[in-house]
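A.B. asks: Can you keep this structure in mind? I'll have questions shortly.
The values are calculated or read from the model by the stated rules, or taken from the named source; none is laboratory data. Predicted model only: the values in this text are computed from it and were never measured. For neighbour counting, all protein chains shown are included, and Cβ atoms are generated from backbone atoms with ideal geometry for every residue, glycine included. Ligands, DNA and RNA are excluded from the accessible area calculation, which covers all protein heavy atoms including side chains. Shrake-Rupley method; radii C 1.70, N 1.55, O 1.52, S 1.80 Å.
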Amino acid sequence: MRTAMYQGPAYTDLFLDRISRVIPFDTGRSGSAELSIEVARHTALWMSYQDTIHVALQKLRKSRIEGVRVEAKAETGQLTQVREFLHPQVDEITDTLPTALGRALSRSRVFAKVVGAITRDGMIVNTTSVFGSSMLWLMASMRPIRPRSLRYGREQLAIEAWLDLTVTAAEVDYELACEVAKCARVLKGYGQTHAHGSESFAALMATVPQLIGAPEAAKTLARLSKAALADEDGTALAKALSALPVSA
C-alpha cells in the first residue's frame, strides 16, 4: 500500500482510521460508495505528499535509472550520467527539518539570504556520481524522522481539517461531501506548483461552510474546483468565486 511504502505500517493504520470516519455514510446506500472511494483515494495521495525525502527516494530507484538509460538509448554496459537541475527553496529545506528548528529557520532572514545566495541560479548535480548519489541517499535517509518534521505536522492537521469538513458536509448533503473530498485533487506537484494549489484549496475550503444547506451546493463546488484546476495562479478560481451570490 502507498502509505506503508511512504512511511510504514503505522502510517497505514492512520490511513485506515481516517477512512473509517466516512464509511458509515455509505452504509446502506445503493450503488457505489462514492464518498468512501474518493476520501480513500485522496487521503492516500495526500498522506504521501511530495517532500525532499520522497523526491530523493524516487530519484534513487533502480527502475528510474534504468528508465533513463532506455530513454537515452544507452547500450548494454555503456556508462551513463544523470544530471539533475535542482532549485531548492527555503521552505523545502525548513519543511524537512524537525519542527522547532524548521520553524525557527523559516523565520530567519539570514538563513533565507544564505540559501538564496547558494541556490539563486539553481544547481546541476550529477546524481549518478559518488557525491550526487550520496547527497540523495542522505536526504532519503531522513525518512525515519519525517513524523517530527515541520511539514509533516502541518499536513496532518490540514488532512484532519479537510476530513472534519467532509464529515460535516456529509451529515447534511452527501453529494456536497463527495465534492469536498474531490477538492483535494488541486493539491498536486512540488514547490511553487504545490504552493499555488494549497492557496486554491484553502479558498475552496473557506467556501464550503457557506454552501452547506444551499441549493445546488455540490454543483457549485464542482464548478469552483474545476476553475481551481484551470490555471496555477488562481485567476480562474478568483473569478468564479467573485461570481458567487453573496448568500452562497
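A.B. asks: Using the Karplus equation 6.51 cos²θ - 1.76 cosθ + 1.60 (θ = phi - 60°), what ³J(HN,Hα) coupling, rounded to whole Hz, does each residue of the range 145-161 give in order, writing x for Gly and Pro?
C.D. replies: Per-residue couplings from phi come out as 9, 3, x, 9, 7, 4, 6, 4, x, 5, 5, 5, 5, 5, 4, 5, 5 Hz.
A.B. asks: Rounded to whole Å and sorted largest first, list the principal axis extents of the Cα atoms in the range 33-108.
C.D. replies: For the range 33-108, the Cα extents along the three principal axes come out at 47, 47, 16 Å.
A.B. asks: Counting only heavy atoms of the protein chains, get the accessible area per residue of the range 15-110 (1.4 Å probe) and round it to a whole Å² value. Don't skip to the end; give the middle numbers.
C.D. replies: Working: 5950 Å² over 96 residues.
Per-residue value: 62 Å².
A.B. asks: At a Förster distance of 41 Å, what's the computed FRET efficiency of Ala72 paired with Ala243, Cβ-Cβ distance as r, to 0.05? Working shown, then result.
C.D. replies: Values: r = 49 Å, r/R0 = 1.19.
The calculated FRET efficiency here is 0.25.
A.B. asks: Here is a further query. Go through Ala203, Ala230, Gly213 and say which Cα lies farthest out towards the positive end of the charge dipole of the range 181-248; charges sit on Cβ, +1 for Lys and Arg, -1 for Asp and Glu.
C.D. replies: Towards the positive end, the residue furthest out is Gly213.
A.B. asks: Given a Förster distance of 30 Å, report the FRET efficiency between Gln210 and Leu45 from their Cβ-Cβ distance, rounded to the nearest 0.05. Present the calculation step by step, with values, prior to reporting the outcome.
C.D. replies: On the way: r = 26 Å, r/R0 = 0.88.
Once rounded, the FRET efficiency stands at 0.70.
A.B. asks: Could I have the simple spin-label model distance between Arg120 and Asp13, label points 7 Å from Cα toward Cβ, reported in nm to one decimal?
C.D. replies: Output for this residue pair reads 5.0 nm.
A.B. asks: Evaluate the charge dipole of the range 157-248 about its Cα centre and quote only its size in Debye, nearest 20, assuming +1 on the Cβ of each Lys and Arg and -1 on the Cβ of each Asp and Glu. Write down the numbers at each step before the final one.
C.D. replies: On the way: 7 positive and 11 negative charges, 54 e Å.
Roughly 260 debye for the range 157-248.
A.B. asks: I've got another one for you. In deg cm²/dmol, rounded to 500, what helix-only [θ] at 222 nm does the chain give when every DSSP H run of at least 4 residues adds -39500 (n - 2.57) and the total is split over its residues? List each step's numbers first, then the result.
C.D. replies: Values: 15 runs with 158 residues, N = 248.
Taking each H run of at least 4 residues, the total per residue is -19000 deg cm²/dmol.
A.B. asks: Also, I was wondering about something else. Among Thr52, Val114, Ala104, pick out the residue whose Cα is farthest towards the positive end of the charge dipole of the range 8-125, where Lys and Arg carry +1 and Asp and Glu carry -1 on C-beta, about the Cα centre.
C.D. replies: The residue sitting farthest along the positive end of the dipole is Val114.
A.B. asks: Moving to a separate point now. How many nm separate the modelled label positions at Thr99 and Ile37, each set 7 Å beyond the Cα in the direction of the Cβ?
C.D. replies: Modelled inter-label distance: 3.7 nm.
A.B. asks: Here's something else I'd like to know. Using Cα pairs closer than 8 Å and at least 6 residues apart in sequence, work out the relative contact order for the chain, in percent.
C.D. replies: Numbers: 265 pairs, mean separation 45.4, N = 248.
In percent, rounded to a whole number, it is 18.
A.B. asks: Right, something else. Could you work out what % of the accessible surface of the range 43-150 is carbon and sulfur, using a 1.4 angstrom probe and leaving DNA, RNA and ligands out of the count? Working shown, then result.
C.D. replies: Values: 4160 of 6870 Å².
Carbon-and-sulfur percentage of accessible area, whole number: 61.
A.B. asks: Counting only heavy atoms of protein chains, what accessible area per residue, in Å², does the range 171-233 have with a probe of 1.4 Å? Don't skip to the answer; put the middle values down first.
C.D. replies: On the way: 2990 Å² over 63 residues.
With all protein chains present, the range 171-233 gives 47 Å² per residue.
A.B. asks: Under a point-charge model restricted to the Cβ atoms of Lys and Arg (+1) and Asp and Glu (-1), what is the dipole moment magnitude of the range 90-248 relative to its Cα centre, in debye to the nearest 20?
C.D. replies: Numbers: 17 positive and 16 negative charges, 126 e Å.
Roughly 600 debye, rounded to the nearest 20.
A.B. asks: Principal axis extents for the range 155-231, Cα atoms only, whole Å, descending order, please.
C.D. replies: 36, 27, 16
A.B. asks: Residue farthest toward the positive end of the dipole of the chain, with Cβ of Lys/Arg at +1 and Asp/Glu at -1: which of Ser30, Phe15, Pro245?
C.D. replies: My answer, from the dipole projection, is Phe15.
A.B. asks: Then there is this: Let's see if you can work this out: charge +1 on each Lys and Arg Cβ, -1 on each Asp and Glu Cβ, no other charges. What is the dipole magnitude of the range 1-71 about its Cα centre, in debye to the nearest 20?
C.D. replies: Working: 10 positive and 8 negative charges, 58 e Å.
Once rounded to the nearest 20, the dipole reads 280 debye.
A.B. asks: I would also like to ask the following. Report the FRET efficiency, 1/(1 + (r/R0)^6), for Tyr174 and Leu229, where r is their Cβ-Cβ distance and R0 is 25 Å, rounded to 0.05.
C.D. replies: Numbers: r = 23 Å, r/R0 = 0.91.
After rounding to 0.05, the efficiency reads 0.65.
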